[in-house]
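Comments concern the structure below.
The values are calculated or read from the model by the stated rules, or taken from the named source; none is laboratory data. On a predicted model such as this, the values are computed, not experimentally measured, just so you know. No Cβ is skipped: glycine too gets one built from the backbone with ideal geometry, and neighbour counts run over all protein chains shown. With ligands, DNA and RNA removed, areas are computed over all heavy atoms of the protein, side chains included. Shrake-Rupley method; radii C 1.70, N 1.55, O 1.52, S 1.80 Å.
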4 protein chains.
Amino acid sequence: MDIIVLRPGATEEDLRHLVKKLEGKGLNTHISKGTERTIVGVIGDTSRVSEDEENAIRVMPGVEDVMRILKPYRLASREFKKDNTLVEVRGRVIGGKKIHVIAGPCAVENRTLIMDVAAKVKEAGATFLRGGAFKPRTSPYSFQGLGEEGLIYLQEAREMSGLPIVSELMDARDIEVMAKYTDIFQIGARNMQNFRLLLEVGLIKKPVLLKRGLSSTIKEWLMSAEYIMSGGNHQVILCERGIRTFETATRNTLDLSAVPLLKQITHLPVIVDPSHGVGKWDLVAPMAKAAVAAGADGLMIEVHSNPEEAMSDGEQSLKPDVFKKLMEELKLVASAIGREI
Amino acid sequence: MDIIVLRPGATEEDLRHLVKKLEGKGLNTHISKGTERTIVGVIGDTSRVSEDEENAIRVMPGVEDVMRILKPYRLASREFKKDNTLVEVRGRVIGGKKIHVIAGPCAVENRTLIMDVAAKVKEAGATFLRGGAFKPRTSPYSFQGLGEEGLIYLQEAREMSGLPIVSELMDARDIEVMAKYTDIFQIGARNMQNFRLLLEVGLIKKPVLLKRGLSSTIKEWLMSAEYIMSGGNHQVILCERGIRTFETATRNTLDLSAVPLLKQITHLPVIVDPSHGVGKWDLVAPMAKAAVAAGADGLMIEVHSNPEEAMSDGEQSLKPDVFKKLMEELKLVASAIGREI
Amino acid sequence: MDIIVLRPGATEEDLRHLVKKLEGKGLNTHISKGTERTIVGVIGDTSRVSEDEENAIRVMPGVEDVMRILKPYRLASREFKKDNTLVEVRGRVIGGKKIHVIAGPCAVENRTLIMDVAAKVKEAGATFLRGGAFKPRTSPYSFQGLGEEGLIYLQEAREMSGLPIVSELMDARDIEVMAKYTDIFQIGARNMQNFRLLLEVGLIKKPVLLKRGLSSTIKEWLMSAEYIMSGGNHQVILCERGIRTFETATRNTLDLSAVPLLKQITHLPVIVDPSHGVGKWDLVAPMAKAAVAAGADGLMIEVHSNPEEAMSDGEQSLKPDVFKKLMEELKLVASAIGREI
Amino acid sequence: MDIIVLRPGATEEDLRHLVKKLEGKGLNTHISKGTERTIVGVIGDTSRVSEDEENAIRVMPGVEDVMRILKPYRLASREFKKDNTLVEVRGRVIGGKKIHVIAGPCAVENRTLIMDVAAKVKEAGATFLRGGAFKPRTSPYSFQGLGEEGLIYLQEAREMSGLPIVSELMDARDIEVMAKYTDIFQIGARNMQNFRLLLEVGLIKKPVLLKRGLSSTIKEWLMSAEYIMSGGNHQVILCERGIRTFETATRNTLDLSAVPLLKQITHLPVIVDPSHGVGKWDLVAPMAKAAVAAGADGLMIEVHSNPEEAMSDGEQSLKPDVFKKLMEELKLVASAIGREI
């Protein structure tokens, strides 16, 4: 059911023209003439009316506005699937009672680093290891990642620690090589609307961790999840990582209210990345606790053995001992809201 | 110490002119000629250089940029005062270990409502009562508050419940009447940069709860606190209530990272208003818990006996029984981070 | 006519309850049951339904959303008044074919400055003189204006140059003194939602130049105009002065698309302040031309005899000769779109 | 030259550690001890210090802030190349006195449409034809473009009209096929930070029209241009198409002040897309004129023979006769500022 509002000066001819067009799409109408406006209720399966068709109706003579009642995403909606989606990876379940912590360096800089961090975050209680082999960098002159070499080190770290691997996919041409070494494919914020890439990961059998775009609405984010799901891959994990606002005191503004809102409107698991959200290591711990209290199903936290020497994101990385202390504190917060970590 | 950067083509004459101008203000300079730019370090008490003088320097010939090292606020800064400011109101202390909850309806609609809500939030554990007698409304056709009649009902509610009163001041001409009935003066988001009003509340002896403006940076917010403090009133409580972003799924975007950041850079207490922050009652509980986990010194929560009949903000108000349940849950979260509520 | 959308699981009882409530407000309903949602069309004079009542309906059981068809402002809308409002001030008409230029310094710093600038902008073709006597400043330590002394100088400048005066009102208590010396009252961006001040200027007989708030939507801006008009003062001029976005390369982002949009939906004159919009004097000229090309009825431009010594906003002020050259260029652009300046 | 600010409590040891680290990078230092802060000026070729190294310095003990004086882009800067870059395509020069208009439908829907529009925009004075064969759509259920079939129709339209073709590249795997039919490769807003794609178009010999990202700063936009240029392709055209703000009355907020600002800081041509900028066809004409007045080197305008039937963006497309009238008006505005169209 959609609603079409006519302009004050719309003619009977405009109305007939509109009704005919809708009937041509197999839809019925319900006309209400108010004192100031005429309203056309559209009856039938309007979910088949694309956004394009909606926009075309918007410019018909006499039309003031079109209001859609149904959401543009379907597979991702809570209405489509009532129960929470559980994403299972090597025996770990994301989206259930247990809150998972994905930890590791921003980039896999060398073998020593990733082995060291993997051992330490494992010991502190992390359940997944993160690390970038292909790195999206705003400058062409910055370190762009080790590529497959980095993936090989990640695999070694997994073998040693037992932690499944989360790593970012930047280009459809890397899917094959990434699939050999990685357990969860991350789609970064800057690729949230790289629709061709979304279509491709919709065809694979690995879970996808979909980061929210820098200035994406929640609706657009779920539309990007829908892209992946429409290809057949329903193992999508949403990751809030801060949005762009006018505030410059923090790197981004972490939108924690997205967490409980998403839990209402979608069945997909929702995790939070406070490291990118705030961009300052000494704000990560309070925001990680806040994310858990808000209901997140997991956290993604940057940890580096030596942030001063980090090749990227050093200023937002925790040292292993700080991370370990945080894990202890998070257990208390999780327990306070009836979950575990 | 400030830094002035000269443009690539700046002349020796430009530099002499600049140095002379600075010396005229009693400041010394330190000149570093790099390969691409000349930098002038300004030595002396540059805190006396106003923003206006800084801007005037910015347009001098040869000047590319002026970078200020010192913050524009002083009294509000953690450097000025290391210890947390404790605001004491009728025996209650805001800014210490105990987290305070200010609860009540958006507006004092009538005597029955405020007495009923006061009794119920008191029983649930709230320590302050909120309620607006003068209401800032975006429409001139909306309910504008009961004025002094509302204040009288608030006073009655205080006598009955023992809860001190927080109410909004909209106009300097109301200070006298407000002072008779109110314990904490609230400055609303839309008045955060009503500088004349800030100057006036700087002269009174009541604590001021200063809400963050809809699109204010943290720096501007602290400058508004500085306005109040510069008049002699150091009893300022900061209240994060959500900022305006592109996201429309929530009323505002609650910026919880402001909480730990403020705790670093200012000594003033920081509280959070999740009701305005999200604008939907069913998101208030998770965000209230998140605010506590992030380190807030207090919460401000809208509670209404019958949100369906509320004259304002019904959609974001909790019913008393929902509020009571939330208070129980908040105690657990507060305890998990070593505080109490 | 409003539209109320029920949730998928809404019961017959919910619907009856809702219809009864609406009937209690003297409204009729029109119910359309679709396959996925039930829609209630509300018939009758829904403009009497306040935003508060709308919000109360929003939390009724079974209600998913309320969509308003009518705009919340009435007096300010083009539907209420088809013809452009013409604001006449000392023989000058704002809102007609002629584009007016309001020029002058940010603040009246002293008598010499304002007399000098008045003479020069007059000669260059400006038709109004601006200058602040009461200055809203983000820092309590900045120059706050000369107060009545400044107003006296403005009056002298008007006598000498013949240019009517535009000056900012910050506080209702200054209305009387301002009215003695000023022709147009400016309400600054930070006071756009100072509702008490808006109500007061609604009662006077002077035109009001209402600047857009830093992060105000066009709808909110028109609601603030409605506040003034609802008091009886229909002489309102809207002034776009840039909005706050994530971009930091300019002081604000000048939203020129607001100009043609406003010309469609309101009958009030619309002017543009490129000086505050961009905050850099060397971007003012192109943006002034763009504003004229976009259809603005006027411009407000900061001019200072000696920007290097300005007590405020020096970096965005034009020198008189630069302003004179701009006026010549603006004449050509105005003529190209069939207007004059 | 960079500036490093030490915290108030930084020790001599911190300072020695920092100086040693900088010397290890071949840089010298200049230390200024103020009353409140110590400042370290860094001398030498700091352009070789990557953003990563800068961030690593930011977390060293005792460091409060790092301020970079030099811009992170080099090839794209006006300092690197004083003269305007002229992009020549089939005898047409973008970036010179003549303002170019790129017109056509959002998507190539079928052969008839593109042939018809090409003929009409050519006749009205457009100098390039646009049309998408690969379409980025927010919904997986929307029309995604005709692919190579669309490119073939574009080529036919070029042969018939003589207008060179601008079309969007979405995926590096399409470069070869696109290169066969297209004259200018467009990188869309959602791919502005698809760094792998930028690297690839840096290696080809076709001009690239780089749209600004939905929430990209001007600095980030130039960094993306730098990505392309660093690969050897210096034929980059920047296209402002509106940024995302809180305002919902227009599709985006067209940031025209970016135009004169870019003309100062970069030598690359700058064009404006008012169709996406505002999203409503009846606002396109005033904003197109404003863009020309602001100094744009070109315009990109959506034109469709029958917007009511458009498969995408119908609500922002001009009909050919409206476009023709606009072209007449644009000539007058261009002439008023000393350019031609």
Classified through the alpha carbon gyration tensor (a ≥ b ≥ c as square roots of its eigenvalues; rounded if a/c is under 1.5, else prolate when a/b is larger than b/c, else oblate), the range B:270-341 comes out prolate
Anisotropy class of the range C:80-139 from Cα gyration tensor, a/c 1.5 cut: oblate
Relative contact order of the range A:129-217, please, whole-number percent, based on alpha carbon pairs below 8 angstrom and at least 6 residues apart. 24
Counting partner chain Cβ atoms within 10 Å of every residue's Cβ in B:195-207, what's the average? 3
To make sure I understand the rule: partners must be aspartates and glutamates, Cα under 13 Å from the Cα of residue B:263, and not fewer than 8 residues away in the same chain. Which ones qualify? A:282, B:79, B:83, B:240, B:297
In what sequence, highest mean first, do B:121-127, D:220-226 appear when ranked by Cβ atoms within 10 angstrom? D:220-226, B:121-127
Bin by bin, in steps of 20 Å, what percent of the Cα pairs in the protein assembly as shown do you find, going until the bin that has the longest distance? 10, 38, 42, 10, 0
When DSSP beta bridges are limited to those with both residues in chain B, what percentage is antiparallel, rounded to the nearest 5? 45
Excluding residues fewer than 8 positions from residue A:21 in its own chain, the lysines with Cα under 17 Å of it are none
Area projected by the alpha carbon convex hull of the range B:239-302, averaged over all directions, nm²: 4.0
Averaging sequence separations of C-alpha pairs under 8 Å and six or more residues apart, then dividing by the length of chain A, give the relative contact order as a whole percent. 16
Near the amide H of residue A:298, under 5 Å away, which other amide H atoms are found, from residues 5 or more places off or on another chain, if H is placed in the peptide plane? A:100, A:272
Under a 1.4 angstrom probe, counting protein chains only, how are D:13, D:53, A:109 ranked by accessible area, largest first? D:13, D:53, A:109
at residue C:248 the sorted inter-copy label distances (label 7 Å from Cα on Cβ side), in nanometres, are 0.3, 2.9, 2.9
Averaged over the residues of A:41-48, the number of partner chain Cβ atoms within 10 Å of each residue's own Cβ comes to 3
Just reorder A:234, B:304 by solvent-accessible area, largest first, 1.4 Å probe, all chains present. A:234, B:304
Under a 10 Å cutoff between Cα atoms, tell me which one of D:20, D:97, D:219 has the largest fluctuation in the Gaussian network model of chain D. D:20
From the label point of residue A:112, set 7 Å from Cα along Cα→Cβ, how far away are the matching label points in the other copies, in nm, ordered shortest to longest? 6.8, 7.0, 7.6
Over all Cα pairs of chain D, the Kirkwood radius sets Rh, and Rg/Rh then becomes 1.07
Which value results when the Cα radius of gyration for the range A:198-341 is divided by 2.2 N^0.38 Å? 1.08
Could you check which residue among A:274, A:260, A:140 shows the biggest mean-square fluctuation in a GNM of chain A with a 10 Å Cα cutoff? A:140
Aspartates and glutamates with Cα under 13 Å of residue B:33, excluding same-chain neighbours fewer than 8 positions away: B:12, D:2, D:45
When each of C:71/C:135; B:122/B:206; B:82/B:205; B:120/B:289 is checked by Cα-Cα distance, pairs over 28 Å: C:71/C:135
Copy-to-copy spacing for residue D:328, label 7 Å out on the Cα-to-C-beta vector, in nm, shortest first? 3.1, 7.6, 8.0
Averaged per residue, the 1.4 Å probe accessible area of the range A:262-327, protein heavy atoms only, in Å², is roughly 22
Ranked by GNM mean-square fluctuation in chain D (Cα springs under 10 Å), the top entry among D:18, D:86, D:210 is D:18
Sequence of A:17, D:100 from largest to smallest accessible area, 1.4 Å probe: A:17, D:100
Let me know the volume per residue of the alpha-carbon convex hull for the range D:1-143, in Å³. 218
Restricting to DSSP H runs of at least four residues, report the calculated mean residue ellipticity at 222 nm for chain D, -39500 (n - 2.57) per run over all residues, nearest 500 deg cm²/dmol. -10500 deg cm²/dmol
Take the rotation relating chain A to chain D, measure from its axis to every Cβ in chain A, and name the nearest residue with the distance in whole Å. A:215, 2
Hey, rough spin-label estimate for residue A:321 and residue A:177, points 7 angstrom out along Cα→Cβ, what's it come to in nanometres? 3.8
Accessible-area value, residue D:177, 1.4 Å probe, nucleic acids and ligands omitted, Å²: 30
With both partners inside the protein assembly as shown, how many of the DSSP beta bridges are antiparallel, as a percent to the nearest 5? 45
Rounded to 5, percent antiparallel among DSSP beta bridges of the range D:146-292: 5
